[in-house]
2 protein chains.
Amino acid sequence: MKRYRLCFLGFGNVGRALARLLVAKSQELRERYEIEWEITGVATRRMGWRASGEAIDVANTDQIPSKNGFHEWLATARPDVLFETTSLNPETGQPAIDYLKASLQSGAHTITANKAPIVYAYDELNEISKANGKSFLFEATVLDSAPVFSLFRETLPGVKVRGFSGVFNSTTNVILESMEAGRTFAEGVKMAQELGVAETDPTHDVEGWDSIMKICAIARVILRTPLLPSDVRREGIRGLDPDTVQAARAEGRPFKLLSRATVNMDGSVSASVRPEQIGTGDPFSSVRGTSLAIHFELDTIPGLTVVSHRPNLQSTAYGLLADFINATRYQER
Amino acid sequence: MKRYRLCFLGFGNVGRALARLLVAKSQELRERYEIEWEITGVATRRMGWRASGEAIDVANTDQIPSKNGFHEWLATARPDVLFETTSLNPETGQPAIDYLKASLQSGAHTITANKAPIVYAYDELNEISKANGKSFLFEATVLDSAPVFSLFRETLPGVKVRGFSGVFNSTTNVILESMEAGRTFAEGVKMAQELGVAETDPTHDVEGWDSIMKICAIARVILRTPLLPSDVRREGIRGLDPDTVQAARAEGRPFKLLSRATVNMDGSVSASVRPEQIGTGDPFSSVRGTSLAIHFELDTIPGLTVVSHRPNLQSTAYGLLADFINATRYQER
């Protein structure tokens, strides 16, 4: 049995869902994985840098001593595992990248739900992770909880990936289905916001940037190819009017915002995000509502599709928990 | 770099495809996994027990010394890894179970494409595997190459499985689609045979026994519940006439032979195999032709579907190769 000191950098919906899931799963973690845990640090823009040398109660953050900035917080909380769920900076990945580096250098397994550090600093973070013998994991970044990176790390050794495609963005799914049902674009945005999948400003989702970040993260890790957001051809869903969307659905070939990446003969990767029509029998024909999916073309399997149906906050939190459990198992190897 | 002695017990289509795949992937195995290999034994009913203390050429089996039965064969070939792909005995799993036991006891990682030993002797084989510090793996048994068992062993730690469903049988898929296209049941069987997915006697597939074996194997390993073929409610596809099948497809809700297992409140498992209609948006709506799929309901992910599209012989062989690579990685831990 080992007792892990956990820190939460970012403590919004996902962080809080993870804290609840850790409580709900604590008996199983003890009995099956010999994991005990306590939280020693939590930080958000609103509450500041809260940390202690001992276990803290995240339900009463006012009672936790406040520290002067990230480094003092880290030195006080001394995490064995840090969960980073701060909001995304899609242009640079900062300051999350610096936080993740410092966390790994301090000797913590470091787990993020943040795509940008993968896109902009994966190789460096991976090297620091190896040099310090600590895991750097990020399973929650693409399909929430459904395995994508661990699939290739563990279950599909020795395959060559020829390309992948995906439905990576819930907001656009909800908007398009809403338009199919006769509502306006704006009403669709509102529905996605009510479902908790869209931000106040949905531009990042609607214009395809969220999908592009996911393509680049997967290309970097699984295809081992540096691909930057500016390398991906991009077309959002704003050009689709309700009539076109409804006609496509009536025809049985509805629109989705589809992500695609293909490995070219010379090893380079071509990628795009754009609305495409999905026919019956298509790998994504079962993808409805907030569901997400990825499809791989492999040298040894003609097509392999993973669909995560209606993932919720607990699903994303589970992605982080799975990384935590796997980090402790890798350590044992 | 380690050089592994490999033995093939059974050397039909799948075994031969694996031998070819090992050759095709040999550089990658060396460079990425530090695996070298040589074959020291091969056995089939027709060629007998062929083995040598040194590397053999499976293209010239007549040149390989013949041994008197399994035990002499095993003692001569001294495998580090044994691949078992003999034909299925769905009633007892024998003699494969005894072969697998002896293989593990001899100190070989033991890999099978055979469902029956999982159904009838998983716990015992797993114990022998642990006692001998050698892997017992069987990823090719359910969806050919797509990860099912390794998904839970590696990528989804700490989840509770509430139930699963699946399209586990290609022969019935092909027969039903053939009937949808206006052909008879017998013509569908012939087509499945031509595609290489159906046996000369398709009863095992058509009556649902193949699917039942897969349900029982998954229940045993992933739900940790002993479930025997006789515990599963069974209805094959013979009761469906072309008119019914065509009408269902016209309605957009085609028939598939569907496998289902549900974990009940008291922990017991209820399971069935029967033709069911699949609507659009159903997890299996993209499953066509020889494709196979599994869908899990998990406590932390509402639905997770894995679809293997049009798996071929090489895909099944890859399932065995993935087990081989993973066995050598587990050993390192």
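Quick notes on this structure:
- Cross-link pairs B:Lys25/B:Lys67; A:Lys130/B:Lys130; A:Lys101/A:Lys214; A:Lys160/B:Lys134; A:Lys67/A:Lys115; B:Lys160/B:Lys190 - those with Cα-Cα distance over 32 Å: B:Lys160/B:Lys190
- Computed over chain A with a Gaussian network model linking Cα atoms closer than 10 Å, the most mobile of A:Leu227, A:Leu100, A:Leu195 is A:Leu195.
- Remark: the range B:155-310 carries 39 Å² of accessible area per residue (probe radius 1.4 Å; ligands, DNA and RNA excluded).
- Label-point spacing for A:Lys130 across the identical copies (point 7 Å from Cα in the Cβ direction), in nm and ascending order: 3.4.
- Charge dipole (Cα centre; +1 on Lys/Arg Cβ, -1 on Asp/Glu Cβ; no other charges) of chain B amounts to roughly 480 debye.
- DSSP bridge pairs, the protein assembly as shown: antiparallel proportion in percent, nearest 5: 65 percent
- Between the Cα long axis of helix A:170-180 and the first principal axis of chain A there is an angle of about 30°, rounded to the nearest 10.
- A label point on B:Met47, set 7 Å along the Cα-to-Cβ line, lies at 6.6 nm from each of its counterparts in the other copies, closest listed first.
- Considering only beta bridges that DSSP places wholly inside the range B:1-153, some 25 percent are antiparallel.
- 10 Å beta-carbon shell around A:Arg249, net charge (K/R +1, D/E -1): -2
- log₁₀ of I(q)/I(0) at q = 0.12, 0.14, 0.23 Å⁻¹ - the range B:42-138, Debye sum with one point per alpha carbon: -0.37, -0.50, -1.20
- The fraction of Cα-Cα pairs per 10 angstrom bin, counted from 0 for the range B:155-310, comes to 11, 40, 34, 13, 2 percent, rounded to whole percents.
- Label geometry 7 Å along the beta-carbon vector: B:Gly281 inter-copy distances in nm: 2.3
- Of the residues A:Leu298, A:Thr244, A:Leu137, the one whose Cα sits farthest towards the positive end of the charge dipole of chain A is A:Leu137 (charges of +1 on Lys and Arg Cβ, -1 on Asp and Glu Cβ, taken about the Cα centre).
- Using a probe radius of 1.4 angstrom, the carbon and sulfur fraction of the accessible surface of chain A is 45%.
- Charge tally in the Cβ shell below 10 Å around B:Arg162, where Lys, Arg are +1 and Asp, Glu are -1, B:Arg162 excluded: -1
- Taking B:Gly53, B:Gly281, B:Gly69 as the candidate residues, the one with maximal mean-square fluctuation in a Gaussian network model of chain B, Cα springs under 10 Å, is B:Gly281.
- Residues of the range A:139-180 whose accessible area (probe 1.4 Å, heavy atoms of protein chains only) drops by at least 40 Å² once all protein chains are present, relative to their chain alone: A:Pro147, A:Glu154, A:Thr155, A:Pro157, A:Gly158.
- Counting Cβ atoms of other protein chains within 10 Å of each Cβ in B:291-297 and taking the mean gives 2.
- Solvent-accessible heavy-atom area per residue, rounded to whole Å², over the range A:1-125 at 1.4 Å: 44 Å²
- Tilt relative to chain A, helix A:185-194 - C-alpha long axis, 0 to 90 degrees, to 10: 30 degrees
- Loop-located trypsin sites (Lys or Arg not before Pro) in the range B:1-64 (DSSP state other than H, G, I, E, B) with a sparse environment of at most 12 neighbouring Cβ atoms within 10 Å: B:Arg45, B:Arg46.
- Highest average packing first - B:131-137, A:103-109, A:320-326, B:121-127, Cβ atoms within 10 Å: A:320-326, A:103-109, B:131-137, B:121-127
- Summarising the label geometry, the points placed 7 Å from Cα in the beta-carbon direction at A:Asn89 and A:Ser230 lie 1.8 nm from one another.
- Once the Cα atoms are used to define both axes, helix B:96-105 deviates from the longest principal axis of chain B by about 40 degrees.
- Take each residue in A:27-34, count the other chain C-beta atoms within 10 Å of its C-beta, and the mean is 1.
- Put simply, chains B and A cover up around 4100 Å² of each other's accessible surface, both sides summed, when a 1.4 Å probe is used.
- Binned Cα-Cα distances of the range B:236-324, short to long, each 10 Å bin given as a whole percent: 13, 36, 35, 15, 1
- Annotation: the antiparallel percentage among DSSP beta bridges lying fully within chain B is about 60.
- 1.4 Å probe, heavy atoms, protein only - residues of the range A:246-290 losing at least 30 Å² accessible area vs chain alone: A:Thr280, A:Gly281, A:Ser285, A:Ser286, A:Arg288
- With Rh defined as the Kirkwood radius, the inverse of the mean 1/r over Cα pairs, the Rg/Rh of chain B is 0.98.
- The Cα-based radius of gyration of the protein assembly as shown, divided by its Kirkwood radius, gives an Rg/Rh of 0.98.
The values are calculated or read from the model by the stated rules, or taken from the named source; none is laboratory data. It should be emphasised that the depicted structure is a prediction, and the values quoted were computed from it without experimental measurement. FYI the Cβ positions are ideal-geometry reconstructions off the backbone, even for glycines, and counts take in every protein chain you see. SASA here: full protein model, heavy atoms, side chains in, ligands and nucleic acids out. Shrake-Rupley method; radii C 1.70, N 1.55, O 1.52, S 1.80 Å.
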